[in-house]
Amino acid sequence: MLVALTGIGLSAAAGLNAYVPFLVVALLARLTDVVHLPEALTWMESWWAIGVGAVLLLTDVVLDKVPLVDTVNDAVQTVIRPATGGVVFAATAAAEDLEGSTWVQDHPWVAVVVGVVVAALVHAGKATARPVVNATTGGVGGPVVSTVEDGVSVGLSLVAVFLPVLVVVVLGLLVAAFVVVLRRRRRRAQPTGRPGSPPAVP
């Protein structure tokens, strides 16, 4: 169960920012004994992969703070975030020591598919909510929300690795936040005037 929670947490973090969980896993594997990557994914801990990931993270962080550009960035990330979610979920084979489980190694494609689906769902929520935030705040709220999303991605990645039992709580808060944004979108879409009411007299 812990392996699944770790994978789900990392994949959800990838749905917010593809490069944060990638770098968290890669750096932990490279610099500590906390994460041991499966043989097929040891390339993640190479310095060139970490360097490329850092450059892409910096680029994404900047672009995601600019209104309208963030929407284009979300469109581009539609492929990248789910793909990264699949990769980092598969990398949770390293967490098998926590519970003596080998199911990730026995079914690697299941881990990839689940990771892709989880990251895609979170990405879809993010991409749907951002235009609403920009529209309701005149673009001012976009950078703030983007910064919060980056922070949540970092926190969720660390929680997924070190305290996977808390992943459910964090995901519940994410879902609640998305629901609030969608409700605001529906309210804005509703006409303000009452049906059949006479037009205002100038």
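Along the Cα-to-Cβ line of THR78, 7 Å from the Cα, sits a label point; which residues in region 122-141 have backbone N less than 12 Å from it?
124, 127-128
Given a 1.4 angstrom probe, I'd like the percentage of the accessible area of region 49-89 that is carbon and sulfur, rounded to a whole number. Intermediate values should be presented prior to the final figure.
On the way: 1660 of 1830 Å².
The nonpolar share, carbon plus sulfur, comes to 90 percent.
What order do you get for 36-49, 8-21 when each peptide is scored by the mean count of other beta carbon atoms within 10 Å, highest first?
8-21, 36-49
For a protection proxy built on the mean count of beta-carbon atoms within 10 angstrom, sort 153-163, 170-180, 137-147 highest first, please.
Descending mean neighbour count gives 153-163, 137-147, 170-180.
Among 69-81, 122-134, what's the highest-first ranking by average C-beta atoms within 10 angstrom per residue?
Packing order, densest peptide first, comes out as 122-134, 69-81.
The values are calculated or read from the model by the stated rules, or taken from the named source; none is laboratory data. All figures in this text were calculated on a predicted structure; none of them were measured in a lab. Cβ: placed from backbone, ideal geometry, glycine included. Neighbour counts: every protein chain shown. With ligands, DNA and RNA removed, areas are computed over all heavy atoms of the protein, side chains included. Shrake-Rupley method; radii C 1.70, N 1.55, O 1.52, S 1.80 Å.
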